[in-house]
Amino acid sequence: MGLNMETKNYSLKTMMEKPERLAPGHRMCAGCGATIGVRAVLRGLHEGDHAVIGNATGCLEVSSYMYPYSAWEDSYIHNAFENAGATLSGVETAYKVLKKKGRLGEKDQFKFITFGGDGGTYDIGFQSLSGAMERGHDMVYVCYDNGAYMNTGIQRSSATPMFADTTTTPSGKVSNGKVQYRKDLSSIIAEHYVPYVAQSTLTRDFKDLHRKAETAIYTEGPAFLNMMTPCPRGWRYETSEIMEICRLAVETCYWPLFEVVEGKWILNYEPKHKLPIEEFLKPQGRFKHLFKPGNEELIALFQKEVDKRWEDLQYRCAR
Amino acid sequence: MKKTVEIRWHGRGGQGAKTAALLLADVAFKTGRCVQGFPEYGPERMGAPITAFNRISEDRIRVHSNIYDPDYVVVVDETLLHSVHVTDGLKKDGAIIINTPRSAREIRGLLRGYEGRIFTVDARQISEETLGRNFPNTPMLAATAAVCGVMDRKEFLGEMQASFAHKFAKKPEVIKGNMAALEMAYDKVEMDMTKTNVSPVNQKATAKQMKQSA
Amino acid sequence: MRTDITNINERSPYTDLTEGLQLYAGGTSRLFMTGEWRTNTPVLDQDKCRQCLLCAPVCPDSSIPVRGGKRLDFDYDHCKGCGICAKVCPFGAITMKEGIEA
Amino acid sequence: MSMKGSRDRQVCSKAIPERMSGNEAVSYAIRQVNPDVMPAFPITPSTEIPQMVSTFIANGEIDTEFIPVESEHSAMSAAIGAEAAGARTMTATSSAGLALMWEELLLAASNRLPIVLTLVNRTLSGPININCDHSDGMGARDTGWIQIYAENNQEAYDNYIQAFPIAEDPRVHLPVMICQDGFITSHAVENIELLEDEHVRSFVGEYRPEEFLLNPGKPVSVGPYAISAYSMEAKRAQEAAMERAGEVILEVADRFHAMSGRSYGFFEEYRTKDADYLMVIMGSAAGTAKAAVDELREEGHKVGIIKLRVFRPFPEKEIAEAIRRSGCKAVAIMDRCESYNGNSGPLGSEIPAGLFRNKVMVETVNYIYGLAGRDFTVDHVKSVFAELGQVAQGRVPAPNHKYIGLRE
């Protein structure tokens, strides 16, 4: 790790030159954030390195490998919803043993990356993920966090932000959407003391995500990458606005960019002027009810929670 | 030896009744017999009453049930006599072998009108004398081998010597004590002489005790 | 035996499907034309384009090919017309045109 | 993922007389086969197997990679990943462990992965109980796994060795479940004849899949979403593989016979010739039943046993033929599992269906025995045959899946 890392002299030009590892023709929604994120993560792989991609059941899976059409240029395995971590630990262990027994050559380099939505990662697949991280398999688990079970029709998950209007936490006469705050999975995995954990999202030049993906892939041992990828359908914003939504998530400190390297917390970006949370909430239909007169205190509550977590993160990074 | 000898062991979890049953199966196997050695399994923990079984035969054993009418019953811990009906189903011409310092005469009173033969051996005393600790299962194994006569003394001790040599390869010093425990128990096991109907199988054992009591 | 999916279609008898529906091939989705989903179509103005490539990574459908450091025209076979590229272009070189035709 | 075996022409192996428990026997076979990957999570009464394998690894006797997963669901998930990646993979479990794997069992089969699972049969909760019955294996009977049951430690050992050549045969490519009765055989020390390491190794052969995830430059995609237009065809293709498995099981049994001198089929017919009454039974209780049959035959009763070994694929026609051949008057069908369907256990449903389909019209009585470790004895077998006689002679009506050894 560290040696010939592309991000040392990152340039969008050279990165976009790389052969595409996620082929077009998949059935994800027009404007899907997950696929944009997946493409960026796969660009983190060095040319010539082989990969096996794992995938938990979810939007990405049902849309990217619909028989007989696979969007994946690398070997790919989807098993079930709740076991992407365990499935890839099997693949990675097979790699170890095939090398050990001489059935794979020294030069045959494989990397192991698995993708799961927040449903398959924060919730139903949490045990499998935790087990795989604890056992120390040399793999990267990438969560594409779009903050709800989008594949089944926008039901709440433990990654759904408070007050979001989902099909299982609808806002109504006596409801303001989801009651609970979201689970901070990045921190929970960091507490597994794995070599590398990072949180990122889609940024203008994709350098942050690229660097973190490449670092995660080329760090020996388990790595976890939590990537916020907005869902136009579930968040109800203007499809073309995705990059602006991501920028606002970062500028309001709703979704801070940070990484934890060998237990050391590092803040990667600090907004000069932290924007109020309304800026992030406003363009999203799932928060529309918060802007009804009389609901100002709900937004205040949301802001309070964002501030608390942001300060907590700053504290951890200052340690 | 009759076609199939069936033995039922009564002990307490942790005392090694199961181990003794498996060791008996072991040594019988080594002397060319077909064997079964298995405990009755439950979630019982240390101290709870447990049962283990042996079948020893000249031919392959196919029956896979517990033993209800044993030829021999072995009681590794005499305190069980108060709580467990150890003689249930025990064959009339069979025998019970009990670890106790008391005489068979005293013990018989605890056996709910059991009229068959009783053998006693003070496994605790033998174990403490030879091994410096209370491992009743080793002497009980020898006593059982002596009484049920599935193999003769020389054969038995020879095989045990060999398996100890293998088992204790790293600490040979304990082999001597274990062998002494086996020999002492094999020779000391005593039959209640108030009963006379002794099956030919146990003439040897009986004759031996005549000598000792003389 | 690598898989040629042109021999697999919804009329194939079960004996012609691959074992366990595994594919012994990659990127076969290229043969599926998601361009037909499009209701709005991005149009590139070559004169305005400064080749900053900010549009290339934001395409969810890998439909902005880049060769020799320059972006080529859209892959209309697969572009779903989401309009993200037009939005991120700092030079107004991409406009969204109604309909499926460029 | 087809298989290029490098299996030598079979030469007869020297028999090594030993005594060991069923779990020790299977672990001994695992050491001889030296599989590539074993993910496992402990559960009574199969726990000893991962323990012993871990010890072999710790002592450098095998170079298998053991994955200490955090659940049985993850055990089968990791097994699927490892097998798809090109590694010969196995696991072991019992009872609730198999139940937790259920979803993954279906995926192992539908992805056509030749994984081997050694199941130590234990009842399913509740109430929670650690002892033997077949409810775990029977619960997985429609998951697309080949299922082979053992009477004793010898068969558990022999079946495990045959499992890989069956599973990995290109005509099959299905996972295989090797079953033995919890505690009754898994923890009972009995005589056994082992085979020489090198013979077992050449019998099982090297695992060389043609297509696998880790094949450099040859990407594979596993586990698609399939629309209805493909799903039904995929399931039919899987069923066809199960149909082909029958002939492969018999071929492998022949090769095994050549090496070991021990012969196996779909089932064993024990003194069925000219039998008036037959008992179909599976697992360790078959041994007890044989002993009872010998005693009854000595008393002049014409009785016999069909010991079912291969439950999946279900040898329906062959069983029906065997029963027809015997010309028996009535058959006792023994289930060590309840189906809760109000009529019969699994065998009590499938065997009569097979008899009917093959036009063998003979009286059958379904008995439920040995649930959750309830002991099953020679006397029980005799009582079943006695009742069967009464039923056949019309003295008593045929009982509806009667329980044996139940307090009523």
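Just so it is clear, none of the values below were taken in a lab; they were calculated from the coordinates. Computed from a predicted structure; not experimentally measured. All Cβ positions, glycine included, derive from the backbone under ideal geometry; neighbour counts span all protein chains shown.
Things to note:
- For the protein assembly as shown, the Stokes-Einstein estimate of translational diffusion at 25 °C and a viscosity of 0.890 mPa s comes to 75 µm²/s, using the Kirkwood hydrodynamic radius over alpha-carbon pairs.
- Extension gain, D:ARG395 back to D:ILE128 (0.36 nm per residue minus Cα-Cα distance, nm): 92.1 nm
- With a cut-off of 13 Å between beta carbons, the residues surrounding A:ARG135 carry a summed charge of -4, where Lys and Arg count +1 and Asp and Glu -1.
- Over chain D, dividing the summed -39,500 (n - 2.57) contributions of all DSSP H runs of at least 4 residues by the number of residues returns a 222 nm mean residue ellipticity of -13000 deg cm²/dmol.
- In this label model, B:ASN134 and D:MET361 are separated by 7.1 nm, measuring between points 7 Å along each Cα→Cβ vector.
- Efficiency of FRET between A:LYS99 and D:GLU196 - r from beta-carbon atoms, R0 35 angstrom, step 0.05: 0.75
- Share, in percent, of DSSP beta bridges within the protein assembly as shown that are antiparallel, nearest 5: 40 percent
- Among D:18-27, B:178-187, the order from most to least packed when residues are scored by Cβ within 10 Å on average: D:18-27, B:178-187
- Taking a point 7 Å out from the Cα of A:LYS8 in the direction of its Cβ, none of the residues of segment A:189-213 has a backbone N less than 15 Å from it.
- For chain A, the relative contact order comes to 16 percent (Cα pairs under 8 Å, sequence separation of at least 6).
- Relative contact order, percent, chain D [alpha-carbon distance under 8 Å, six or more residues apart]: 18 percent
- Here the sum of -39500 (n - 2.57) over DSSP H runs of 4 or more residues, divided by the residues of chain B, equals -12000 deg cm²/dmol at 222 nm, to the nearest 500.
- Neighbouring partner chain Cβ atoms per residue of D:279-286, average, 10 Å criterion: 1
- For peptide D:64-77, the mean count of partner chain Cβ atoms within 10 Å of a residue's Cβ comes to 6.
- Rounded if a/c under 1.5, otherwise prolate or oblate - segment D:14-64, Cα gyration tensor axes: oblate
- Computed over segment A:1-156: relative contact order in percent, which uses C-alpha pairs under 8 Å that are six or more apart: 24 percent
- Shielding of D:289-300 by partner chains, average beta-carbon count, 10 Å: 1
- Computed over neighbours whose Cβ is under 12 Å from that of A:LEU225, the net charge equals -2, Lys and Arg +1, Asp and Glu -1.
- Spin-label model distance (nm) - A:GLU305 vs A:ARG319, 7 Å beyond Cα toward Cβ: 2.3 nm
- Label positions at B:ALA165 and B:ALA48, each projected 7 Å from the Cα along the C-beta direction, are separated by 4.1 nm.
- About its Cα centre, the dipole of chain A is roughly 160 debye, where the only charges are +1 on Lys and Arg Cβ and -1 on Asp and Glu Cβ.
- Sorted by Cβ neighbour density within 10 Å, fewest at the top, the residues A:SER128, C:SER63: C:SER63, A:SER128
- Counting neighbouring Cβ atoms within 10 Å and putting the fewest first, the residues B:THR51, A:THR121 line up as B:THR51, A:THR121.
- On the basis of the beta-carbon distance and an R0 of 45 Å, C:PHE91 and A:GLU106 show a calculated FRET efficiency of 0.40.
- Looking at segment D:267-403 alone, DSSP beta bridges between its own residues are antiparallel in about 20 percent of cases.
- Three-way shape call for segment D:172-213 based on the alpha-carbon gyration tensor, with the a/c threshold at 1.5: oblate
- Taking Cβ atoms as reference points and 15 Å as the exclusive limit, the residues near A:LYS272 contribute a net charge of -1, counting Lys and Arg as +1 and Asp and Glu as -1.
- Rounded, prolate or oblate (a/c below 1.5 giving rounded, otherwise prolate when a/b exceeds b/c) for chain B by Cα gyration tensor: rounded
- Label reach from C:TRP37 (point 7 Å along Cα→C-beta): in segment A:61-85, amide nitrogens under 19 Å belong to A:61-73.
- With respect to chain D, whose longest principal axis is taken over its alpha-carbon atoms, helix D:346-357 is tilted by about 80°.
- Taking the helices alone, chain A has a mean residue ellipticity at 222 nm of -10000 deg cm²/dmol, built from -39,500 (n - 2.57) per DSSP H run of at least 4 residues and averaged over all its residues.
- Radius of gyration and Dmax over the Cα atoms of chain A, both given in Å: 19.2, 69
- Relative to the longest principal axis of the Cα atoms of chain D, the long axis of helix D:316-326 lies at roughly 30 degrees.
- This ranking places D:TYR270, C:TYR14 by how few other beta-carbon atoms lie within 10 Å of each, fewest first, which gives C:TYR14, D:TYR270.
- Taking the C-alpha atoms only, the angle from helix D:95-110 to the longest principal axis of chain D is near 60 degrees.
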